[in-house]
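Right, one structure below, let's go through it.
The values are calculated or read from the model by the stated rules, or taken from the named source; none is laboratory data. Because the structure is predicted, anything quoted here is derived from the model rather than measured. Counting neighbours? That spans all protein chains shown, and the Cβs are built from the backbone with ideal geometry, glycine included. Each accessible area value is taken on the protein alone, full model and side chains, heavy atoms only, with ligands, DNA and RNA left out. Shrake-Rupley method; radii C 1.70, N 1.55, O 1.52, S 1.80 Å.
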Amino acid sequence: MAAVNGHANGHINGFTEKMGGRFSHIPRTIDIPVQEGVEDEAVEVDLVDLIDDPTELCTLLENEHVDKNLWMTIAMAYAKQKKVDTAIEILNRSLGALTHGKSTEKLMIMSAICWMYLWKCREAPRLKQGSGMASDAKTKENYIHEATQIINEAARISPAYSPFFLNRGVLSLLRASQPLSAKGPQNKSEQTDVLIQGLKSFEDALRASANKNMMAMMGKARVQFALGKYPDALQTYQHVLERAPDIVDPDPRVGIGCCLWQLDHKDAAHSAWERAIEVNPDSAIAKTLLGLYHLQHSSQFPITDPRFVDSYKKGISDYITPAWKTSIMMPLPCVTLGSYFLTKGKWDQAEKLALRTIEMSDTNPVISDGWYLRARKEHYAGSKELALDYYQKSDAGRGGDEAGYLPAKFGIAQIKVLMGDLSDAKYRLEKLVQTAKIPEAMSLLGTLYAEEAFSAVEKEDRSTEAKKASSLLEAVRNSWRDPKKNARPDVIVLLNLARLYENDQPDKSFQCLQQVEKIQLDMIPESAKPVKEEDQDEAAFALKVKEMLPPQLLNNMGCFQYQHERYAEARELFQTSLKACVNIRDTDSTIDTDALVTTISFNLARTYEAEGMASEAKEVYDGLLQRHDDYLDANARLAYISLKEDPAGKGAAAIKELYKSASRNMEVMALYGWYLHKAKKRTANLAEDSEQRHYKRSLNDINKHDVYSLTAMGNIHLMVAREMRRDTDQDKDKRRKIYERSVEFFDKALSLDPKNAYAAQGIGIAIVEDRHRPQDAVQIFQKVREAIKDASVFLNLGHVYTELKQYARAIENYENALAKERSRDYQILSCLGRVWLMRGKQEKSLEAMKTSLDFTRSALAIAPEHAKIQVQFNVAFVQIQIAQLIYTLPDKERSLADVEAAASGLDEAIESFSAIAKSPAPPFPKNDIEQRANMGRNTMRKQLERAAQNQREYEDKNADRLAKAKEMREAEIRRREDEKRKIEEAKADERRKVAEERHRMQERDRELAEHRAEEERKAAEAEMTEDSDGNRVKRTKRKPAPRKRKQKGTEDTETEAGGSDDEGLVSGTPATGDEAVEREKPKKKKRKLERKSERKSKAQSKYKSSEMVVESDEDEVMVDAADTAVPDEDDAEIGEVNEGAGDEVPAAASQARKKANRIVDDDEDEDEE
């Protein structure tokens, strides 16, 4: 019989022969003794070429009453060839044959049968579905039941039979690994109880074998790992490896790596698994774990990074695929490879591997991954019901509810969205976001809230949902900035944020679009970018590259630039967007490029209009009408341009023709109403107002909720009320009712559109003009100013501030209105002239009145014919006011030139008043104007003549004094400028000196740091020595013997002895099988010096006998002692008493001790003094 070349459980430490594989002790042949005749004979049985039906062999064994070892050997031979069912049959026959044998023999056979069932359980599928199994095929649950029966039967024979301890432990592990169900553990608590029972069984097996059963120790480590006690499991696995370094099946190195992985020492885990591959190159589990390590490592890099490709490819090609080929039924490589096939779109292969994972795995998380793969496959295929079912099973595989599998929970929420159950989807996503800040979940939840905000009608609903959406999407956006998360920016998130910020925060919205632009540019491969020409500048090349971006993005960015009145940038973007349409038409035929080109061309033409390029705008509009002759908006813009260029001729005809062709279009009606407002004859009778009749028809016949028509009606009533007479109470009451009617129109418009700033502005005007509450109107106009950038807002603010006599603010707002109105509206110039006049009268400032005159003359220069009489009257009025002010000013505050200019202006005013009085429609009664002219001609002219005579005499008399005063004033100005210059030079010199001093201090600190580092390096070098092999090692310290110190003046002595720590450290994975030799570390001594203040308080001599020597092996105590001994700079340094291995003492240590002694002596000398 061949010798057994394997070893049983319970190896002692220190063996050198490499362990054989499973069943290595089975010989090639075996002799069965046959008792026939006198001499014993034997039948040789070949254990390599086994017969399929062992019935005759079993009959032979029964007839010859062979020993149980023969039964066991033959059964193991069948098991070695994976014929486990036959082996179980032989062992069951042996139980019948050994009925009258010893109980221990039967227990040994029953133990073998139990192991066979446990083996079959590991390889059996968990479920029958989808695997083509026969109806009578057994699952894991069946084999667990049969193994349990065997163990229970053995317990009735002998409960204390030690080999069954190991059986019970492995059975508990298998039972605990079953999914939570009615047939398995009911909940996590029961699962934990089963694992604890298994732990007790393994510990019983260890006690029975005097801690020599390595399989029991491996089982104990496995239970500790399953219970989450990773440090304990790591220590147990390492103990197994120390005692049996050649064990490879199962391999403790795999367990060590798993523990290190859970303890977040991933590189150390990688090393352990690599060692497992070196010891056993065919280890499928080690290859799988190494593959998972490389896949996890690849997740640290963006998918565009070459390192991601290399690491991912290495994990799949070098480890996962070979592991799967080695053991195609192993669930872990199956599910990993299935995920890879899923990303490649190989649905059928992924489905097969997922099914195999679910059927074969006995680990809940792996089963959960299998269901997740199936769910994703059905999700991609559009089978929402199946996908939802599989996602729920995947989630339940990891605990469900509060625990569960986060990707599966997210998948359920996605399916709920596809099914239209948004409430349930939001509820699940809210819980998911609260559990873990997953960017994908926050992105989907934010998108759902954003869509609700976009579709909401009421302002409050929209603001609430928009706030939630922006908060979630901003959190996702911030996660991209974290380099550890390595998250990729999502264009959809940025586009949703841009829409959310569009109205309230346009700058943020534009920033989002710019970020989208950058992402899109980065996605363009270098090979696809155009080649830069030699004479092409960077800006032109950048525009050329932008032509490869989506035209929709460029169009949106151009619209934002237009809204911010950056028309040149907007025009550039629209032009680039048109070129991008040509590129996208060549690459994607599914996009409607004609619609894009039409929209972008219209936007470009509007930009041309804003820039004053009317001919270019008309050319674009004409091109649009050639392609789409029914494009009403283009026709309307052409009519508007014609109206601006020729209000009375072609423009009026074009507007009327447009209105005739689309009289029921609300946009055209709005434009025609604007034309009527400009062209109509002013009247105080609402019934005769053509504009009022137009908007009344619009509201009555077409759309009674048209906001533009309602706002226009409110404005018409405002203008009529403003011009109404206020002579009697009846007139005032009628006027008040018209104002109230205008407010009703504005209020109706605001109820339909809460953000209608023009309607709010109308209410503000009514408050000022009717109720005379300018302060309330200021608040309204300021809010309106935040919403619209129109000249009318600043104009109204100027009016209100004028009423409040805040002339500086009024001037500022009038100037802003003038800047907004590029055509230099004469009315705004007139308002500026008016407010400067009022300011000049209040401050008695001649310069302010001159400014008023300049603005009023500018208004007269550009005023239309129907308004020239009014503006001319304003000019004459300002000239009269200047003449009056000049006459009242003291001689020292005016000059002769000012008086003469005022006299000249007075003559012009007299002539203007005379001409205005003779005009057919003077702005005021004719008699009043003639009286002003006569007053200027008779009274004011004479007053200015006397003022000129007095001013001439005053200047002649005080010419020298004025010259000296002027010279002194100029000298004082020069002196102040010199002083200011000197102060600035002194400050600059001080800043320079501070900078130089700071630089010197930095240099000095750097030199000190370098010097300190050099000293530390030398000190470290001094502590190094060479060992027997010539390697540089740190010098070990000999433990000094305890010694007594006698304090001066006392007979007491103090001694301390160092303690020892009995607790051992977890040993690392040994490289060889030799037993590690633990060396006791030498104990350290620290000298604890007293504080200087304490030494002064005690009447002690300067001998060191009063110091206490403290010993400790713990670093924490050493640190505390050091902190206590050196509280400040005045305290002495601590010198470490150090004795070398021989008689030689390092020079550096000796110098350190001498230095410490000198410092202590110096301090004590000071005490004596």
Quick one: which of 306-313, 358-365 comes out on top by average Cβ neighbours within 10 Å, and what's the full order, highest first?
358-365, 306-313
Percentage of Cα-Cα pair distances in the range 437-505 greater than 14 Å, rounded to whole percent?
54
Per the charge dipole of the range 437-505 (beta-carbon charges, Lys/Arg positive, Asp/Glu negative, Cα centre), the residue among ALA441, LEU497, SER479 reaching farthest to the positive end is SER479
Apply the Karplus parameterisation 6.51 cos²θ - 1.76 cosθ + 1.60, with θ equal to phi minus 60°, to every residue of the range 829-845 and state each ³J(HN,Hα) to the nearest whole Hz, in sequence, with x for glycine and proline.
5, 5, 5, 4, x, 5, 5, 5, 5, 5, 5, x, 5, 5, 8, 6, 9
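Accessible area per residue for the range 680-788 in Å², computed with a 1.4 Å probe and the full protein assembly in place, what is it? Walk me through the intermediate numbers first.
Details: 6200 Å² over 109 residues.
Ligands and nucleic acids excluded, the result is 57 Å² per residue.
Rounding to the nearest 20 debye, state how big the charge dipole of the range 789-903 is about its Cα centre with +1 on each Lys and Arg Cβ and -1 on each Asp and Glu Cβ.
Values: 15 positive and 14 negative charges, 32 e Å.
Once rounded to the nearest 20, the dipole reads 160 debye.
Rounded to the nearest 0.05, what FRET efficiency do ASP53 and GLU123 have when you use their Cβ-Cβ distance and R0 = 30 Å? Let's see the in-between values first.
Numbers: r = 23 Å, r/R0 = 0.76.
In this case the efficiency is close to 0.85.
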Out-of-range pairs (alpha-carbon distance over 21 Å; input LYS313/LYS344; LYS518/LYS820; LYS426/LYS518; LYS314/LYS352)
LYS518/LYS820; LYS426/LYS518; LYS314/LYS352
Using 0.36 nm times the number of residues separating ARG981 and ARG809, minus their current alpha carbon distance, what extension gain do you get?
58.5 nm
For the range 894-1034, the percent of all C-alpha pairs falling in each 5 Å bin, from 0 up to the bin holding the max distance, is 2, 7, 7, 7, 6, 5, 6, 5, 5, 5, 5, 4, 4, 4, 3, 3, 3, 3, 3, 3, 3, 3, 3, 2, 1, 0
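Scale the Cα Rg of the range 680-788 by the rule-of-thumb value 2.2 N^0.38 Å and send over the ratio, two decimals. Please list the in-between numbers first.
On the way: Rg = 14.1 Å, N = 109, 2.2 N^0.38 = 13.1 Å.
Taking N as the residue count of the range 680-788, the ratio is 1.08.
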Mean accessible surface per residue for the range 437-505, computed with a 1.4 Å probe while every protein chain stays in place, in Å²:
56
Between the alpha-carbon centers of the range 195-227 and the range 53-115, tell me the distance in whole angstrom.
28
One finds, for ILE702 and ILE591 with R0 = 25 angstrom and r their Cβ-Cβ distance, a FRET efficiency to the nearest 0.05 of 0.10
Amide H partners (placed H, <5 Å) of THR29, local residues excluded
ALA2, LEU47
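May I ask you to derive the FRET efficiency for ARG1012 and GLN197 from their Cβ-Cβ distance with R0 = 60 Å, giving the value to the nearest 0.05? Show your work: numbers first, answer last.
Values: r = 61 Å, r/R0 = 1.02.
About 0.45, to the nearest 0.05.
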Contact order relative to length for the range 642-766, counting C-alpha pairs under 8 Å separated by 6 or more residues, stands in percent at 17
Mind checking the full-extension length gain between GLU538 and GLU1021? Use 0.36 nm per residue of separation minus the Cα-Cα distance, one decimal, nm.
168.2 nm
Report ³J(HN,Hα) in whole Hz for each residue of the range 650-659, in order, from the Karplus equation J = 6.51 cos²θ - 1.76 cosθ + 1.60 where θ = phi - 60°; Gly and Pro get x.
5, x, 4, 5, 5, 5, 5, 5, 5, 5
Where labels lie 7 Å past Cα in the beta-carbon direction, separation of GLU44 and ARG961 in nm
15.1
Computed on Cα atoms, the radius of gyration and Dmax of the range 577-727 in angstrom are 19.2, 75
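Is there a pair in LYS468/LYS546; LYS508/LYS544; LYS393/LYS416; LYS892/LYS957; LYS83/LYS140 whose C-alpha atoms are over 23 Å apart, and which pairs would that be? Display every interim value, and only then the final one.
On the way: LYS468/LYS546 34 Å; LYS508/LYS544 26 Å; LYS393/LYS416 16 Å; LYS892/LYS957 12 Å; LYS83/LYS140 18 Å.
Beyond 23 Å: LYS468/LYS546; LYS508/LYS544.
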Packing rank of 710-722, 379-391, 680-692, where each peptide gets the mean count of other beta carbons within 10 Å, highest leading:
710-722, 379-391, 680-692
With +1 at each Lys and Arg Cβ and -1 at each Asp and Glu Cβ, the charge dipole magnitude of the range 680-788 around its Cα centre, to the nearest 20 debye, comes out at 160
For the pair THR104/ARG28, report the inter-label distance in nm, with labels modelled 7 Å from Cα in the Cβ direction.
3.4
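Roughly how many percent of the accessible protein surface of the range 349-433 is carbon and sulfur, given a 1.4 Å probe and a whole-percent answer? Before the final figure, lay out the partial values.
On the way: 1760 of 3570 Å².
Answer for the range 349-433 is 49 percent, counting heavy atoms of protein chains only.
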LYS783 and PHE924 label points (each 7 Å along its Cα→Cβ direction) are spaced in nm at 3.9
Please list, in chain and number order, the residues 5+ apart from VAL34 or on another chain whose amide H is under 5 Å from its amide H, with Hs placed from the backbone.
GLU41, ALA42, VAL43
Per 10 Å bin, what is the whole-percent P(r) computed from every C-alpha pair distance within the range 349-433?
21, 50, 25, 4
Mind ordering 747-755, 1012-1020 by average Cβ neighbours within 10 Å, highest first?
747-755, 1012-1020
Give a residue-ordered list of calculated ³J(HN,Hα) values for the range 299-306 (Karplus: 6.51 cos²θ - 1.76 cosθ + 1.60, θ = phi - 60°; whole Hz; x for Gly, Pro).
5, 6, 10, x, 5, 7, 6, x
Full extension from LYS678 to ASP421: what is 0.36 nm times the residue separation minus their Cα-Cα distance, to one decimal in nm?
87.1 nm
Roughly how many percent of the accessible protein surface of the range 680-788 is carbon and sulfur, given a 1.4 Å probe and a whole-percent answer?
46
Considering the Cα positions of the range 837-976, please state its Rg to one decimal place and its Dmax as a whole number of Å.
18.0, 62
